[in-house]
Amino acid sequence: MRIAIVNKDRCQFKKCGHECINFCPRVRTGDETVVIGEDGKAVISEELCVGCGICIKKCPFDAIMIIGLPEELDNPVHRYGANGFALYGLPTPVQGKVTGILGPNGVGKSTTVNILSGIMMPNLGKDDTNWDEVLEIYSGSGMYEYMKTLSEGNIKASHKPQYVDNIPKAVKGKVSKLLNKADERGIMDEMARKLEIEHVLNRDIKDLSGGELQRVAMAACVGREADFYFIDEISPYLDIYQRINSARIIQELAETSAVMVIEHDLALLDQLADTVHVAYGIPAGYGVITQPKGVRVAINQYLHGFLAEENVRLRTEAIGFEEHPPREQKDIPTLLEFSRFTKKYGDDGFELVVGSDTLGNEIKQGEVIGIVGPNGIGKSTFVNILAGEETPTTGSLETDLNIAYKPQYLKGDYPVKVRDFLRGINTKFDTSYYQTEIIKPLQLDGLMDRILTELSGGELQRAAIAACLGKNAELYIFDEPSAHLDVEQRALATRVIRRFAENNNVTAMVVDHDIYMIDMLSERLVVFEGQPGVIGEVHGPFGMREGMNLFLKNLNITFRRDDETRRPRVNKPDSKLDRQQKSVGEYYYALE
């Protein structure tokens with residue numbers, strides 16, 4: 001069984017001369033496999049298509065996909081017209097539980113939330129579906145009662161959007177006005193305290209940082225009276241403490257409601273979900289939602305790349321976690337050495353203190369350094385000073401290094417093609433190395449003709465990473481490269497950055513809150529301590545164990561490694577293992 005997907009935005013018949021039609025072998029037999037639809041775009045008959053792939057190769061705009069489906073797939077839950085995206089299966093909201101969805105971007109998350117929240121009716125892949133047909137499909141299943149209530153219009157849903165950066169474009173005014181309007185449960189004062197956003201209530205929404213926007217969006221979602229809460233990625237821009245705090249709020253919410261969460265931070269998903277549905281497929285082509293699995297089983301199967309119950313292989317290689325043996329530092333040239341300097345904002349503003357008067361801090365050539373710490377503690381200020389974007393108030397940081405910097409907040413406000421954008425800022429674009437080691441692994445080859453302003457958050461993030469790596473520099477700084485990337489994209493971005501540093505003997509510094517990414521990427525760690533918004537102190541670089549022990553001790557969190565995949569897992573607070581690790585001072589994995 002196969003489906004044909006035609007991207008209507010890319011199909012340009014007037015420009016290509018109908019190449020996909022002219023070269024289709026079925027034309028010779030008189031069968032019209034590929035025809036022009038009423039809108040002037042290609043329409044492919046899935047019944048007549050033999051899957052030869054010629055139309056795909058002949059289309060100069062990459063508008064066509066012919067996809068072979070797993071044999072067991074039949075009758076989609078929803079399809080966007082002829083040759084449109086198809087969704088197979090739906091996750092099941094369960095009262096009193098947190099249901100997780102784990103999978104790549106572009107395989108039906110938005111369609112899922114639109115169906116389950118009642119915005120659209122599942123059409124079962126037909127043009128004239130009605131609710132009676134839908135209910136017949138789900139008769140006798142655990143989804144029947146939910147779908148029946150949905151068909152009657154009695155499901156009220158609350159949705160926290162994925163891209164909180166867009167909130168200031170849609171909502172104007174003060175934070176308090178937005179939250180008071182959303183406070184149908186009368187809990188906003190409590191939420192403001194728990195999410196630590198009391199200090200922003202009188203601020204304008206357009207003046208909030210990414211982390212503040214994320215927590216305000218969370219408060220607005222939780223404050224509404226609803227039967228079904230859909231939370232799309234809570235982790236971007238939040239530090240580890242804020243993520244775990246948000247997880248506790250979500251778990252409390254699930255005591256009286258059905259909650260569904262999409263999350264790419266596996267440590268967070270592992271902690272907050274009761275069951276997990278794995279989503280797989282081909283982005284923009286089709287998506288499949290599996291039956292619910294135990295959290296540990298679902299995450300481990302996803303990392304291994306093989307779903308045992310479905311007998312489906314997601315990828316040829318597993319996503320692995322390794323403990324990196326420390327390099328012998330004395331034989332490695334020093335790239336940058338700095339002693340104490342500070343940065344002060346006004347008389348009563350935030351102060352960043354870096355290094356000490358007696359001990360020099362060294363960054364070695366060719367290493368990858370992770371940077372961790374709470375939000376508002378000065379991490380971005382530190383990398384801005386390293387990058388030459390800001391200057392210290394006292395002391396100095398003198399360097400003639402060439403530095404490439406990917407900022408935390410990305411602005412894709414240039415109406416140019418991705419190809420022209422990347423080619424315009426570096427001379428490496430057309431080299432085989434850049435195409436093979438950066439463009440293809442970051443899955444950017446299919447985005448080359450897209451306009452920068454039209455990219456999603458994850459697409460823009462990958463383009464920004466590629467742009468940074470395309471510059472000639474000795475030090476590459478990445479501020480939150482994991483934001484809006486799914487699990488596989490994070491693993492690929494991690495591999496690209498690490499391989500680039502090793503192959504070119506250059507240094508990379510990565511600021512991120514995803515422990516999985518930091519664990520896979522870093523050789524040493526810089527740790528930030530202090531009081532957010534008041535003072536930040538920079539310590540290190542340390543070895544990974546010493547640095548993570550210091551960082552996690554400040555957060556009062558312990559991690560363990562999964563026996564099967566060796567991935568990091570958060571210990572439940574006050575559990576036996578949590579108490580045992582704290583008693584011996586091993587917050588970052590117990591020594592085996």
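Which net charge results when you count Lys and Arg as +1 and Asp and Glu as -1 among the other residues whose beta-carbon is under 11 Å from that of N504?
-1
What nm distance separates the two modelled labels at R203 and K576, each placed 7 Å from Cα along Cα→Cβ?
4.4
Want the number for I187 to K428: 0.36 nm per residue separation, take away the alpha-carbon distance, what's left?
Extending this stretch completely gives an extra 81.4 nm.
Rounded to the nearest 0.05, what FRET efficiency do E136 and S110 have when you use their Cβ-Cβ distance and R0 = 25 Å? Provide the component values of the computation, followed by the final result.
Details: r = 26 Å, r/R0 = 1.03.
Efficiency computed from Cβ-Cβ geometry: 0.45.
Given R₀ = 35 Å, FRET efficiency for N75-I119 by Cβ-Cβ distance, to 0.05?
That pair, N75 with I119, gives E of 0.95.
Taking all protein chains as present, what is the carbon and sulfur share of the accessible area of the chain, in % to the nearest whole number, probe 1.4 Å?
That fraction is 48 percent.
So what are the three principal axis dimensions of segment 369-452 from its Cα atoms, in whole Å, longest to shortest?
For segment 369-452, the Cα extents along the three principal axes come out at 46, 27, 25 Å.
Simple spin-label model, 7 Å along Cα-to-Cβ: D445 to F321 in nm?
Result for the modelled spin labels: 3.1 nm.
Rounded to two decimals, what ratio of Rg to Rh does segment 156-248 give with C-alpha atoms and a Kirkwood Rh?
Over the Cα atoms of segment 156-248, Rg/Rh equals 0.92.
Which one, P104, F500, V259, is farthest towards the positive end of the dipole of the chain when Lys and Arg carry +1 and Asp and Glu -1 on their Cβ?
F500
Mind checking the dipole of the chain: about its Cα centre, +1 per Lys or Arg Cβ, -1 per Asp or Glu Cβ, Debye to the nearest 20?
620
Put +1 on the Cβ of each Lys and Arg and -1 on the Cβ of each Asp and Glu in the chain; which of T391, P568, I66 then has its Cα farthest toward the positive end of the dipole?
In the chain, that residue is I66.
In degrees, nearest 10, range 0 to 90: what is the angle between the Cα axis of helix 295-304 and the longest Cα principal axis of the chain?
90
From zero outward in steps of 10 Å, how is the percent of C-alpha pairs of segment 213-339 spread across the bins?
Spelled out bin by bin, segment 213-339 gives 10, 32, 27, 18, 10, 3, 0 percent.
Work out how far the C-alpha atoms of segment 124-208 reach from end to end along every principal axis, then list the three figures in whole Å, largest first.
51, 27, 17
For K156, go through the lysines and keep the ones whose alpha-carbon is under 16 Å away, minus same-chain ones fewer than eight residues off.
Within reach: K148.
Can you work out the Karplus-derived ³J(HN,Hα) for every residue in segment 157-174? Use 6.51 cos²θ - 1.76 cosθ + 1.60 with θ = phi - 60°, whole Hz, and x for glycine or proline.
Computed from phi, the couplings for segment 157-174 are 10, 10, 10, 9, x, 6, 9, 5, 4, 7, 4, x, 6, 9, 10, 10, x, 7 Hz.
Calculated FRET efficiency, D274 and S583, Cβ-Cβ r, R0 22 Å, to nearest 0.05?
0.15
Beyond 25 Å between alpha-carbons counts as too far, so tell me which of K109/K293; K15/K417; K181/K379; K174/K417 fall in that bin.
Flagged as over cut-off: K181/K379; K174/K417.
Looking at segment 343-438, which GluC sites (Glu not before Pro) are in a loop (DSSP not H, G, I, E or B) and have at most 12 other Cβ atoms within 10 Å?
Those satisfying the criteria are E398.
Taking Cα centroids, how far is segment 57-105 from segment 545-592 in Å?
38
Pairing the Cα long axis of helix 487-504 with the longest principal axis of the chain, what angle in degrees results, from 0 to 90 and rounded to the nearest 10?
Orientation of helix 487-504: about 50 degrees from the principal axis.
From the helices alone, meaning DSSP H stretches of at least four residues, give me the mean residue ellipticity at 222 nm for the chain, per-run term -39500 (n - 2.57), in deg cm²/dmol to the nearest 500.
On the way: 20 runs with 175 residues, N = 592.
Using -39500 (n - 2.57) per qualifying helix, the result is -8000 deg cm²/dmol.
Give the long-range amide H neighbours of N426: residues separated by 5 or more places, or on another chain, with amide H under 5 Å away, using H modelled in the peptide plane at 1.01 Å from N.
So N426 has HN proximity to no qualifying residue.
Strictly under 4.7 angstrom between C-beta atoms: which cysteines of the chain have no such partner?
Lone cysteines by the Cβ rule: C11, C16, C24, C49, C52, C59, C221, C468.
Would you mind computing, in nm to one decimal, how far apart the modelled labels at R313 and D62 are, each placed 7 Å from Cα along Cα→Cβ?
2.5
Restricting to bridges with both residues inside the chain, how much of the DSSP beta-bridge set is antiparallel, in percent to the nearest 5?
50
Please give the per residue accessible area of the chain, computed with a probe of 1.4 Å over protein heavy atoms only, in Å².
44
The values are calculated or read from the model by the stated rules, or taken from the named source; none is laboratory data. If you're wondering where the values come from, they're calculated on a predicted model, not measured in any experiment. Note that each Cβ is placed from the backbone with ideal geometry, even for glycine, and that neighbours are counted across all protein chains shown. The area values use the complete protein model at the heavy-atom level, side chains included, leaving out ligands, DNA and RNA. Shrake-Rupley method; radii C 1.70, N 1.55, O 1.52, S 1.80 Å.
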